[in-house]
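A quick write-up on the structure given underneath.
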Amino acid sequence: MTASGPAPHALRLGVNIDHVATIRNARGGDHPDPVRAAEIVAAVGGDGITAHLREDRRHIRDGDLSRIQSATGLPLNLEMAATEEMLAIALSHAPHAACIVPEKREERTTEGGLDAAGQHNRLAPIVSRLADAGIRVSLFIEAEERQLEAALRLGVPVVEFHTGEYAHAIGEERARELKRIADMAALAAKNGIEPHAGHGLTYENVQPIAAIPQLAELNIGHYLIGEAVFVGLESAVRRMRELMDEAR
Ligand code: PXP
């Protein structure tokens, strides 16, 4: 503990509350409210709230963002596609962080990392306008050297490695995916970029990822909200936090 409150976690847990909004939107009303989820995450010591405002507004809606921001003192990490529409929304809300993700309308979830290497010219003005507004920019990329090099060229302070392939793999393939993420996290940190990770993380697969010493933040959503149906969000976040702490 410090005079100003508990010491920050060496590995932060950002909770993605999108799927509370997915359930709300299934009936079109106001319940369950993702803001209430954000308040619970804050109360149990989560380190941040992550929300993805998708082009089709399938879960988080525009009006949720400022309500989430004013509900808790936690930093908001806004996941967004690299479009002019999302840039304008990010600039008007000034979240703590913006994580640029690839987005296809027909996909069920974010299916892979951003091609930062192939889209330098499209990304550069968006990254610099977010950075000029004091927003901490992150790129959601595959754990590949060429993507990390592209992130370095774009001058972002943070990358988030896509853990989806790792999460779906089994046996030796999972070990290979883990090594790829660990190697790229080390390379990112060596080059002054703060590495984060997320996607598909569960109680079962989180610990090897949490044990990667350079990772500073995990963003976890779908599994936690699913577990919350059975045990409550408070218990689900606490359990994930315990597993992350045990792994360090
Ligand atoms: N990080 C990013 C950049 C994402 O796009 C997502 C999914 O929206 C997550 C983390 C969380 O993934 P999951 O919901 O599978 O835990």
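Taken together, the values in this text are just the output of simple stated rules run on the coordinates, not laboratory data. Since we're looking at a predicted model, the values are computed, not measured. Positions of Cβ are generated from backbone atoms using ideal geometry, with glycine treated the same way; all protein chains shown enter the neighbour counts.
Points worth noting:
- Close amide H pairs (under 5 Å, H built 1.01 Å from N) link Ala98 with Leu78, Arg136, Val137, Ser138, residues at least 5 positions away or on another chain.
- For region 88-105 versus region 143-219, the inter-centroid distance based on Cα atoms is 21 Å.
- Compactness of region 109-248, taken as the C-alpha radius of gyration over 2.2 N^0.38 Å, stands at 1.08.
- Our summary gives the chain a relative contact order of 18 percent, counting only alpha carbon pairs under 8 angstrom and 6 or more residues apart.
- If you model region 36-130 as an ellipsoid using its alpha carbon gyration tensor, with each semi-axis the square root of five times an eigenvalue, the axes come out at 24, 15, 13 Å, biggest first.
- Pairs of Cα atoms farther than 17 Å apart, region 169-248, %: 48
- If you wrap the tightest convex hull around every Cα atom of region 48-104 and split its volume per residue, you get 71 Å³.
- Options Cys99, Ala143, Gly155, ranked by Cα towards positive dipole end of region 1-157, top entry (Cβ charges): Cys99
- Amide H contacts of Asn16 (H built 1.01 Å from N, under 5 Å, at least 5 apart or other chain): Thr50, Ile220, Gly221
- Histogrammed with a bin width of 10 Å, the alpha carbon distances of the chain distribute as 7, 33, 39, 19, 2 percent, first bin at zero.
- Of Tyr203, Tyr223, the sequence from fewest to most neighbouring Cβ atoms within 10 angstrom is Tyr203, Tyr223.
- Computed Rg/Rh of region 40-80, alpha carbon atoms with Kirkwood Rh: 0.98
- Summing Cβ point charges (Lys, Arg +1; Asp, Glu -1) relative to the Cα centre of the chain gives a dipole of roughly 300 debye.
- A cut-off under 9 angstrom between Cβ atoms defines the neighbours of Ala169, and their net charge, with Lys, Arg +1 and Asp, Glu -1, is -2.
- Simple point charges give the picture: +1 on the Cβ of Lys and Arg, -1 on the Cβ of Asp and Glu, and for region 183-248 a dipole about the Cα centre of about 60 debye.
- In Hz, Karplus ³J(HN,Hα) per residue of region 48-65 (6.51, -1.76, 1.60; θ = phi - 60°; x = Gly, Pro): x, 10, 10, 9, 10, 8, 7, 4, 8, 6, 5, 10, 5, 10, 3, x, 5, 4
- ³J(HN,Hα) computed for each position of region 220-229 - Karplus, 6.51 cos²θ - 1.76 cosθ + 1.60, integer Hz, glycine/proline x: 10, x, 3, 5, 5, 5, x, 4, 4, 4
- This ranking places Met184, Met86 by how few other beta-carbon atoms lie within 10 Å of each, fewest first, which gives Met86, Met184.
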